[in-house]
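First the structure, in the form of structure tokens, and then the observations on it.
The values are calculated or read from the model by the stated rules, or taken from the named source; none is laboratory data. Remember, it's a predicted structure, so these values are computed and weren't measured experimentally. For neighbour counting, all protein chains shown are included, and Cβ atoms are generated from backbone atoms with ideal geometry for every residue, glycine included.
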């Protein structure tokens, strides 16, 4: 069995560069989807229901894309056709979502916007999953932490640009922030257009500069043993069999992921109403005043901060993990992130808003680890010939907690927190700390031979 050749920093960089564009589009969605849906008439307690389309589409799409990318090879490659197609569809969603009122002749703009959110989420998932598998495909085990860390750094840069772009267009370039009742401001529409262009362009750079291993080359990197009779292909039904036979490490990481992604979903959905109510002191019914838009724009600023921190901190993760281990690294990072979210409760006026950036430093440290450490731990426990499908199945542990949150989160805010969204953010911080404790139970073994 041959060992995979080590790649240079720039080969790894180019291989992951498309994730910059994906995350720029994803950040535009995360920071602005709630405000767009509120502009179109959504109530605060219903926001999490609209956001359900993201994890549901991810749960369905990623394992299927992973399975078929494992079993695809043509002149364009193995993973590349999928993330290129996903990027094009996501770009279309980015262009159409803020322009939903243009389609109001056919149905209410709120439903059109929710439909565009669904298209974007499905497309982001099509594009994201093969990138995770591509890193595991191409890199030897001793470069995987570096590979996922570079990927996380590029994710951070893309997310910073996407999160800050609306604020920059208004405050640096003087793009109008005026908007009619029920309409999205011009600067936000322009931001989504720019995001769509960067998304497609960055994916194309990866497609052009990265060569995938052919099936014959991949066969040289796996043990020369016959495929078990029990694993002969059943087509799409293979996904269910693989799910039932998932590695032990994946199951253990599932609990960590549940607490982490439940918390992240709360942050993405409720930060805008939380800041508008708790920091700016606005009533829940205010969805279009200049003060509301100021609060919503500042969400983009602080989301950019946590992504900027993640971009830099991700590059430190390999060295930290080498010193204290991947499990301890992840546990510490989640704890710091939880404390950062919980600290938001102490920020109670627009004059104190700069302190939100300090809170987001902790979130950025956790976000860097969430995007890198679980995958670095997981990759060594997965058979190489099933890397794509198991990376897709692993997405179940990202989407399921978001679905649970999406169903119940808004109702918890309404009935238990009296409509005060900031308490959902505090709860999210507590859950990150609980997730940090569960990392202790994860088995971290690199490149074990997995037998079913």
Checking 406, 419 in turn, the sole residue that is at positive phi and touching a residue at least 40 places away in the same chain (Cβ under 8 Å) turns out to be 419
Residue 436 vs (1) more than 16 Å from the chain's Cα centre (by Cα); (2) part of a helix (DSSP H, G or I); (3) closer than 17 Å to residue 247 by Cβ: all pass except (3)
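Does residue 41 satisfy the condition of being surrounded by fewer than 24 Cβ atoms within 10 Å (Cβ to Cβ) and farther than 29 Å from residue 208 by Cα?
yes
Right, residue 276: at pLDDT 85 or above, assigned to a helix (DSSP H, G or I) and exposed (fewer than 14 other Cβ atoms within 10 Å of the Cβ) or not?
When the stated conditions are applied, residue 276 does not pass them.
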Pairs returned, first residue in region 20-40 that is closer than 16 Å to residue 293 by Cβ, second residue that is not in a helix (DSSP H, G or I), beta-carbon separation under 7 angstrom, 6 or more apart or interchain, are 36/184; 38/287; 39/182; 39/184; 39/287; 39/288; 40/182
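Mind telling me which of the residues 310, 314, 295, 321 ends up being more than 18 Å from residue 369 (Cα to Cα), buried (at least 22 other Cβ atoms within 10 Å of the Cβ) and within 24 Å of the chain's Cα centre (by Cα)?
When all the criteria are applied, what remains is 295.
Here's the yes/no breakdown for (1) more than 30 Å from residue 280 (Cβ to Cβ); (2) surrounded by fewer than 22 Cβ atoms within 10 Å (Cβ to Cβ):
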{"residue": "332", "(1), (2)": "yes, yes"}
{"residue": "340", "(1), (2)": "no, no"}
{"residue": "343", "(1), (2)": "no, yes"}
{"residue": "348", "(1), (2)": "no, yes"}
{"residue": "373", "(1), (2)": "yes, no"}
{"residue": "393", "(1), (2)": "yes, no"}
{"residue": "403", "(1), (2)": "yes, yes"}
{"residue": "410", "(1), (2)": "no, no"}
{"residue": "418", "(1), (2)": "no, yes"}
Considering only helices (runs of 4 or more DSSP H) wholly within region 143-237, the ones with at least 1 residues that are closer than 14 Å to residue 17 by Cα and at pLDDT 80 or above are 144-171, 186-209
ask   = Among the residues of region 441-449, is there at least one that is under 24 Å from residue 256 (Cα atoms), modelled with pLDDT of 95 or more and part of a helix (DSSP H, G or I)?
value = no
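Which helices (runs of 4 or more DSSP H) sit wholly inside region 1-112 and have at least 3 residues that are more than 30 Å from residue 270 (Cα to Cα), at pLDDT below 90 and within 21 Å of the chain's Cα centre (by Cα)? Talk me through it step by step, then tell me what you get.
Numbers: elements: 9-16, 18-39, 47-50, 53-70, 80-96.
By residue number, 53-70, 80-96.
Let's see how each residue does on (1) more than 21 Å from residue 206 (Cα to Cα); (2) within 18 Å of the chain's Cα centre (by Cα); (3) crowded, with 23+ Cβ neighbours inside 10 Å:
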site: 120; (1), (2), (3): no, yes, yes
site: 134; (1), (2), (3): no, yes, yes
site: 147; (1), (2), (3): no, yes, yes
site: 152; (1), (2), (3): no, yes, yes
site: 158; (1), (2), (3): no, yes, yes
site: 162; (1), (2), (3): no, yes, yes
site: 165; (1), (2), (3): yes, no, yes
site: 172; (1), (2), (3): yes, no, no
site: 190; (1), (2), (3): yes, no, no
